[in-house]
Amino acid sequence: SHLKQIYLPENAIAIPNDHGTSPGFYMKINRALVMSMPGVPFEMKHMFEQYILKMIKKLYPQPNIYRYDLKFARLPESDMDDFIRSQQFDSVNIILNAMSGELAVRLSSTDKVAAESVKEKIIEQFRDLFYSEKNESLEEVVSHILEEKKLTLSVVENFTGGYLTKLLSFKNNFSGSLIVNDNDLSLMDKAKDMFGADIIIYPHTIYKNRFKVSIMFADTIETKSGIALSKNYQEYASKITLGYLYQILRKA
């Protein structure tokens, strides 16, 4: 049975199998290049990564693709689309991915200088809302800033029903949350007394698709308004809330 495993078709060239007895092989059949690997996943994956992929790249060289993934908080897709259409970014492919309360912008090009130039122009245009080019989540970035500034955070939630707590609860600087059925801002003082956090955030007072976000920081309360789409409105409003907090932290 071992002998049968090493039989190869005529004119085939063996590919080493570092994790088994059955080699792979490659051969030309008419205009096609056929590459065959053993079916055992552990053997096949290693062979593909160590030999097949390198062969393909050598036989069919492709230009380098330079890619950048940018993330923005609270930025409508239409605003970004309008800006991109007003510019001449012809040598760079741009894909917009609207998420709940966020926008991801993916840039790719074979021209590294052009890709970096477009990246810098987009970041500069929306600098206040730009938060990452490292594929981080908004809650991760907010948590990092809180750690850098040695600040703690607590949450009061109403219609978001605990979604903000879900996003933040495993972060080291999260002190606790109150989930309530009320729109009373005095609940922020209650949360501050209970948890002793430096910052309290509170999305509240939703009506149709609009709501308010109150943020208590440095003995002041700042209230903003936001839009919560009917689909996934809890996630959407939670991300909008974190977007406002991110902007305040950047300026603090």
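The values are calculated or read from the model by the stated rules, or taken from the named source; none is laboratory data. All values derive from a computational prediction rather than experimental measurement. Please note: Cβ atoms are built from the backbone with ideal geometry, for glycine as well, and neighbour counts cover all protein chains shown. These accessible areas exclude ligands, DNA and RNA; they are computed on the full protein's heavy atoms, side chains included. Shrake-Rupley method; radii C 1.70, N 1.55, O 1.52, S 1.80 Å.
Quick notes on this structure:
- Gyration tensor (alpha-carbon) shape descriptor, segment 113-252, a/c threshold 1.5: prolate
- Interchain or long-range residues, amide H under 5 Å from Arg74's placed H: Glu102, Leu103
- Between Pro203, Pro63, Pro38, the residue with the greatest mean-square fluctuation in the GNM of the chain (Cα pairs under 10 Å linked by springs) is Pro38.
- 26 Å Cα cut-off, lysine pairs counted over segment 1-85 (separation 8 or more, or different chains): 9
- Karplus (6.51, -1.76, 1.60) ³J(HN,Hα), θ = phi - 60°, over segment 25-35, in Hz, Gly and Pro reported as x: 7, 9, 6, 8, 10, 6, 9, 9, 9, 9, 10
- Protection proxy ranking of 83-93, 112-122 - average other beta-carbon atoms within 10 Å, highest first: 112-122, 83-93
- Where Rh is the Kirkwood radius over Cα pairs, Rg/Rh for the chain: 1.20
- Gain in span if fully extended, Asp128 to Asp18, counting 0.36 nm per residue against the direct Cα distance: 34.4 nm
- Centroid-to-centroid separation of segment 77-153 and segment 164-217 [C-alpha atoms, Å]: 27 Å
- DSSP H segments from the chain that extend 15 Å or more along their own axis, Cα-based, with Kyte-Doolittle mean of -0.5 or above: 112-125, 138-149, 233-251
- Comparing Lys54, Lys239, Lys171 in a Gaussian network model of the chain (Cα springs below 10 Å), the most mobile by mean-square fluctuation is Lys54.
- Most mobile listed residue (Asn209, Asn30, Asn17) in the chain, GNM with C-alpha springs under 10 Å: Asn30
- Extension gain for the segment Tyr207 to Asp79, taken as residue separation times 0.36 nm less the Cα-Cα distance, is 43.6 nm to one decimal.
- Length-normalised contact order for the chain - Cα pairs under 8 Å, 6+ apart - percent: 14 percent
- Efficiency of FRET between Val113 and Gln62 - r from beta-carbon atoms, R0 25 angstrom, step 0.05: 0.85
- Note on Asn172 and Ser225: the model spin-label points, each 7 Å out from Cα along the C-beta direction, lie 4.0 nm apart.
- Here the relative contact order of segment 177-220, from alpha carbon pairs under 8 Å that lie six or more residues apart, stands at 30 percent.
- Listed by chain and number, the aspartates and glutamates whose alpha-carbon sits under 20 Å from that of Lys112, ignoring those within fewer than 8 places in the same chain, are Asp69, Asp90, Glu120, Glu124, Glu133.
- Using a probe of 1.4 Å on the protein chains alone, the accessible area found for Phe130 is around 30 Å².
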